[in-house]
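See structure below.
Nothing in this text is a laboratory measurement; each read-out follows from the coordinates by a stated rule. None of the values given here were measured: they were computed from a predicted structure. Reconstructed Cβ throughout: ideal geometry from the backbone, glycine too, with neighbour counts over all protein chains shown.
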Amino acid sequence: MKKAAALQSIGERVAKLRRERGLTQEQLAERAGVSRNHIADIELGMRNTGVWSFVLLSRAFGVTLSELFKGLFF
């Protein structure tokens, strides 16, 4: 899988989880302790973010890191 495709897949997964929980990007950003722009960039597949951001997102969603990435790469 190429980098751009991987970033797009991750972004789609984050957006799906956010919508399933009825959260806006702003609400998710607040829960995760990041900016709304950071969330928007991840969802658009435009940000190659670090592991710590995914830890924060998984906590904000109430899922494990494994669940956050479920079905994306394996």
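Structural remarks
- Segment 3-66 shape via C-alpha gyration tensor axes, a/c threshold 1.5: rounded
- Net dipole in debye of the chain [+1 Lys, Arg Cβ; -1 Asp, Glu Cβ; about Cα centre; nearest 20]: 120
- The slack between GLU30 and LYS2, meaning 0.36 nm per residue of separation minus the straight C-alpha distance, is 7.0 nm.
- Positive-end residue, the chain charge dipole about Cα centroid, Cβ charges, pick of GLY22, SER9, ASN37: SER9
- For segment 56-69, backbone phi angles converted through the Karplus equation (6.51, -1.76, 1.60; θ = phi - 60°) give residue-by-residue couplings of 4, 5, 4, 5, 5, 7, x, 10, 7, 4, 4, 5, 4, 9 Hz, Gly and Pro being listed as x.
- Length added when fully stretched, LEU65-GLU20, from 0.36 nm per residue minus Cα-Cα: 14.5 nm
- Percentage relative contact order, segment 3-66, counting C-alpha pairs under 8 Å, at least six apart: 37
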